[in-house]
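Rule-based calculations on the coordinates, nothing more; no lab input. All figures in this text were calculated on a predicted structure; none of them were measured in a lab. Here the Cβ is made from the backbone with ideal geometry for all residues, glycine too, and neighbour counts use every protein chain on show.
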Amino acid sequence: MPRQRLPLYADLPADLHEADELLHLYGRWAVGSRGGARRCGSAEGLYIPERGEALEARREPKREGLHIDDAMRAQRALTAVPDRERIVLTILYVPRRMPAEQQLRLLRIPPQLSQQRHLAGVRMWWNRWGVLGARG
């Protein structure tokens, strides 16, 4: 009988969905130049080949990234999160070559604990994000 795999992410309540989206944007911003290595060699890194769906993809508006001010605010908010939760948030939101499941396994963090720390970490991060926004 195959072993049941538990998800690494917690089921976030509706009030944390915006925080989840911002953390995903921050993660893509954080990899920055490393993410560009996976693209083609065009000057802007935005070249799309001239085939079927690629032509249609060009017509769709590009997804906006995180503004540098918001990225720095996200980073400051992340530093305020305690280490246990921050490690899980970093693994789940900042893409790396090694899959998140493997990183958590190496750190001996089981899926249930990952879910708990994910939920707690996002909640703490979101509170800190709001405090940093109100301040400045």
Note to self: Can you compute 3J(HN,Hα) from phi for each residue in the range 92-98, using the Karplus curve 6.51 cos²θ - 1.76 cosθ + 1.60 with θ = phi - 60°, rounded to whole Hz and x for Gly and Pro?
What the structure shows: 6, 9, 9, x, 9, 5, 7
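For Leu107, what is the net charge nearby, where nearby means another residue's Cβ is under 15 Å from its Cβ and Lys, Arg count +1, Asp, Glu -1?
+3
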Check: What whole-number value in cubic angstrom gives the convex hull volume per residue for the C-alpha atoms of the range 70-136?
Finding: 70
